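Remarks on the structure that follows.
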Amino acid sequence: MESAKTLQLFPRMIPNILKDLCTGVVDLIYPPLCLICDNRLEGGYSEICPKCLANFKLIGKPHEQFSIPGDVHISKAWALFEFDEPFQNLIHHLKYSRRRKPIGVVLNHYKSQILDQLPVDEIDLVISIPLHPRKLRERGYNQVDDMSRWLAESLNTTLGSHLVKRTKYTSTQTKLSAEERVENVRAAFGITDGFAIKDNHILLVDDVLTTGATSNTLAGVLKEYGAGEIDLITLSTPRFGSA
Ligand SMILES: [Zn+2]
């Protein structure tokens with residue numbers, strides 16, 4: 001019975017195998033396409049074409065006002081690019097299609113404009129907001145780590161993502177009050193080396209700024225360990241963008 005089923009399935013698999021083979025051959029013969037507009041990439045450009053790269057809209061200044069319940073522990077929050085359709089497309093690839101190179105291409109293209117906004121000589125540590133352990137298992141990596149590494153290198157400072165751990169999964173928060181949620185998220189963060197945090201100016205890194213509540217909670221935990229000023233940088237935000 002089982003083998004008959006396998007035999008029935010096999011012919012249906014052949015078109016898929018052929019399709020995969022053809023895709024591989026086509027990729028070898030033709031240059032790859034722009035992730036955003038699907039036009040062919042030429043002239044040594046990788047992942048994103050020069051036109052799409054130039055069309056991303058850099059916001060150019062940080063947000064300094066937050067509507068978060070409780071104390072605000074973050075001084076400044078950069079959401080670097082406008083949340084327009086091309087940028088949403090880029091973020092979707094970053095989160096769900098395991099394509100890690102495009103974000104480096106965008107950050108390198110806008111490197112000087114990004115660094116001009118940041119307190120370059122003041123930041124001591126760059127730390128990724130840790131993923132939920134379950135998401136980390138599903139994805140195999142934290143997609144924010146590439147941006148953190150890029151920032152630490154560009155700012156010539158220390159990468160400290162290993163100093164923060166997310167110890168439990170906080171999935172069902174809908175029945176909790178705002179205060180209970182903060183406590184629930186707070187209890188999910190662990191610091192692995194408090195001494196390395198003390199008196200340091202920290203730049204937290206996330207992909208998208210939504211409410212800022214999670215980063216603010218982590219910032220509160222870091223302040224309990226004696227952290228100095230804490231800023232946040234994200235790629236974009238649906239809250240202040242044009243979309
Ligand atoms: Zn393009």
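State the antiparallel share, in %, of DSSP beta bridges confined to region 58-236, rounding to the nearest 5.
Around 25 percent antiparallel, to the nearest 5.
If I stretch the segment between residue 89 and residue 42 completely, what's the gain in nm (0.36 nm per residue apart, minus their alpha carbon distance), one decimal?
Length gained, residue 89 through residue 42: 14.8 nm.
If the limit is 20 Å between Cα atoms, which of 175/223; 95/135; 198/223 go over it?
175/223
Using a Gaussian network model of the chain with C-alpha springs under 10 Å, which one of 177, 75, 128 is most mobile by mean-square fluctuation?
The residue with the greatest mean-square fluctuation here is 177.
Taking 7 Å along the Cα-to-C-beta vector as the label spot, tell me the residue 110-residue 75 distance in nanometres, rounded to one decimal.
It works out to 2.3 nm between the two label points.
Counting alpha carbon pairs within less than 8 Å and at least 6 residues apart, what relative contact order, in whole percent, applies to region 58-236?
In percent, rounded to a whole number, it is 31.
Taking the mean number of other Cβ atoms within 10 Å as a proxy for protection, how do you rank 90-100, 59-69, 219-229 from highest to lowest?
For the peptides 90-100, 59-69, 219-229, the packing ranking is 219-229, 90-100, 59-69.
Could you tally the net charge around residue 49, taking each other residue with its Cβ under 13 Å from the Cβ of residue 49, Lys/Arg +1 and Asp/Glu -1?
Net charge around residue 49: -1.
Please report how far the C-alpha centroid of region 75-94 lies from that of region 138-202, rounded to the nearest whole angstrom.
Using only Cα atoms to place each centre, the spacing works out to 20 Å.
Given a cut-off of 29 Å, what percent of all Cα-Cα pairs of the chain lie beyond it?
Pairs farther apart than 29 Å: 39 percent.
Within a Cβ distance under 10 Å of residue 157, other residues only, what is the Lys/Arg minus Asp/Glu net charge?
Combined, the nearby Lys, Arg, Asp and Glu give -4.
If I fit a long axis through the Cα atoms of helix 85-96 and take the longest principal axis of the Cα atoms of the chain, what angle between them do I get, 0 to 90°, rounded to 10?
In the chain, helix 85-96 runs at an angle near 90 degrees to the longest axis.
Could you derive backbone 3J(HN,Hα) for region 150-167 from the dihedral phi with the Karplus parameters 6.51, -1.76 and 1.60 (θ = phi - 60°), listing whole Hz in sequence and x where the residue is Gly or Pro?
4, 5, 4, 5, 5, 8, 6, 9, 9, 8, x, 4, 5, 7, 10, 10, 9, 9
Roughly how big is region 58-236's charge dipole about its Cα centre, with Cβ charges of +1 (Lys, Arg) and -1 (Asp, Glu), in debye to the nearest 20?
The calculated dipole for region 58-236 is roughly 980 debye.
Looking at the square roots a ≥ b ≥ c of the eigenvalues of the Cα gyration tensor of region 11-151, which shape do they give, rounded for a/c under 1.5, prolate if a/b is larger than b/c, or oblate?
The shape class here is prolate.
Say the dipole of the chain comes from +1 at the beta carbon of Lys and Arg and -1 at that of Asp and Glu; which of 215, 195, 132 then lies farthest toward its positive end?
Final value for the positive-end residue is 132.
No lab work stands behind these numbers, since they all come straight from the coordinates. Since the structure is predicted, the reported quantities are computational estimates derived from the model, not experimental observations. Glycine gets a Cβ as well: all are built from the backbone with ideal geometry, and neighbour counts include every protein chain shown.
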